[in-house]
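First comes the structure, then the notes that go with it.
Since every read-out is calculated from the coordinates, none of them should be taken as a lab result. Quick caveat, the model's predicted, so the values are computed rather than measured. Cβ sites come from the backbone with ideal geometry, for glycine too, and all protein chains shown count toward neighbours.
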Amino acid sequence: MKWFVNSSIVSVFALAGAGAFAQQSVIWDVASPTTIIAGTGCQKDVDAFASANGNDMAVVFTRLGVDLPGGGGPILAERRNCAIRVPVTVAPGVYVGELTQRVSFGVIKTARATGQLATRSSFFGFNVSPYIVDLPYGYAVNQPLLTQQRLDKFSVQTRPDWVRGWCSPNRAPRGLYQANIVVQGSKSTARDDLVMFVDGLDLKYEVGAALVRCQL
């Protein structure tokens, strides 16, 4: 079982005359000693591994999930979490105008079980609304792959001081991408099933940031 955080940077402005932006607009410093990936469902470089490739960043997890199969024992509830903190540098003259969160996961759940996946994140101190995927009581699910996503726009026009912090033409702003991911669930009896991943299927938590040219 694997989880990914894959941040695809989508350029929403013309890159003519801005070759440095075209090559790489975001640098994820996953090798920094201040990078943190830790929690009850992850430990950096043990069962959670961060990597960067150009504008993309991925964290691969091997035990972040809920595994409560029927007949698996007396435990009826489980909760795992992971906190992610990665230093990020953005090219001069652009800022992040929106953030897309996408979760893809497999789930097996009987009707008398409930599950939830929740994320809370921020980028350069700008809080993104909590994103929650609920699997409520009362119906069964057997899906090898479910995908849900949401787009949050950054209301930068109401934060002129925040925009100025990004938009110096000669300075590359540096900040943090931070996320807290929680996977939890419970079932009514030991015979019920609740498995928030499927063997052989990658589970993904994806983040996409859209860049906007500063109006200097």
For the stretch 70-109, max minus min Cα coordinate along each principal axis, in Å, sorted largest first?
57, 19, 10
Rounded to the nearest whole Å³, what is the per residue volume of the convex hull around the Cα atoms of the stretch 41-197?
116
Distance in nm between pseudo-label sites at N180 and R85 (7 Å out along the Cβ direction from Cα):
1.2
At 0.36 nm per residue, minus the direct Cα-Cα distance, what do N142 and A38 gain on full extension? Give it in nm, one decimal, please.
34.5 nm
At q = 0.14, 0.17, 0.22 Å⁻¹, what base-10 log of I(q)/I(0) does the Debye formula yield for the stretch 29-119 when every alpha carbon is treated as an equal point scatterer in vacuo?
-0.68, -0.90, -1.24
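Which of D56, D193 comes first, and how do the rest follow, when ranked by fewest Cβ neighbours within 10 Å?
D56, D193
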What is the local net charge at D192, summed over the other residues whose Cβ is closer than 11 Å to its Cβ (Lys, Arg +1; Asp, Glu -1)?
+3
